[in-house]
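What follows is a single structure, written as structure tokens, with notes after it.
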Amino acid sequence: MTTNAFASPPKNGTYLLLDVLWETEAGKTSSNPFYFSAKDASGRKADLSMFADNQLGSGDVLPGDKSRGFIAFDIAPGAATVMISDPLMQEAARIQIPG
């Protein structure tokens, strides 16, 4: 359960709220909410909401460091697919979220 409050009701039916822990084991990575995107079960792209409390920050994450925060999408209820991109906006991972 989270205490996040949103300024307005979702336009697409619900908010999908991700609690993200970004950890770098080696080298240097960069976290950014814009690296995340989502689609509903019908393939429609969800709207990234920039109004979540404690949103995942943007910036370098050095080896051994972690960054934690929320990412929210205004999306239709049900199953969803979340995609994570690298800094060049190439897909690096895909996660299925059951409905």
- Query: Does LEU17 fit the bill of being out of contact with any Lys or Arg (no Cβ under 8 Å at 6 or more places or on another chain), under 21 Å from ILE97 (Cβ atoms) and surrounded by 13 or more Cβ atoms within 10 Å (Cβ to Cβ)?
  - Reply: yes
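If I filter the range 48-57 down to residues being of a type in the set (S, T, N, Q) and surrounded by 15 or more Cβ atoms within 10 Å (Cβ to Cβ), which single residue comes out as farthest from GLN96 (Cα to Cα)? Spell out how you get there, then give the answer.
Going through the range 48-57, the residues of a type in the set (S, T, N, Q) turn out to be 49, 54-55.
After this cut, where a residue has to be surrounded by 15 or more Cβ atoms within 10 Å (Cβ to Cβ) as well, the list is 49, 55.
Details: SER49: 19, GLN55: 21 Å.
Among those that are of a type in the set (S, T, N, Q) and surrounded by 15 or more Cβ atoms within 10 Å (Cβ to Cβ), it is GLN55.
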- Message: Could you check the range 35-47 and list, in sequence order, the residues that are crowded, with 17+ Cβ neighbours inside 10 Å and assigned to a strand (DSSP E or B)?
- Response: PHE36, SER37, ALA38, LYS39, ASP40
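Any idea which of GLY69, GLY78 is in contact with a strand residue (DSSP E or B) (Cβ under 7 Å, 6 or more places away or on another chain), modelled with pLDDT of 95 or more and part of a loop (DSSP other than H, G, I, E, B)? Show your work before the answer.
Working: GLY69 fails: part of a loop (DSSP other than H, G, I, E, B).
Matching residue, one of GLY69, GLY78: GLY78.
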- Determine whether the range 77-85 contains at least one residue that is more than 24 Å from LYS11 (Cα to Cα) and of a type outside the set (D, E, K, R). yes
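The values are calculated or read from the model by the stated rules, or taken from the named source; none is laboratory data. For clarity, every value in this text was computed on a predicted model and none was experimentally measured. Glycine gets a Cβ as well: all are built from the backbone with ideal geometry, and neighbour counts include every protein chain shown.
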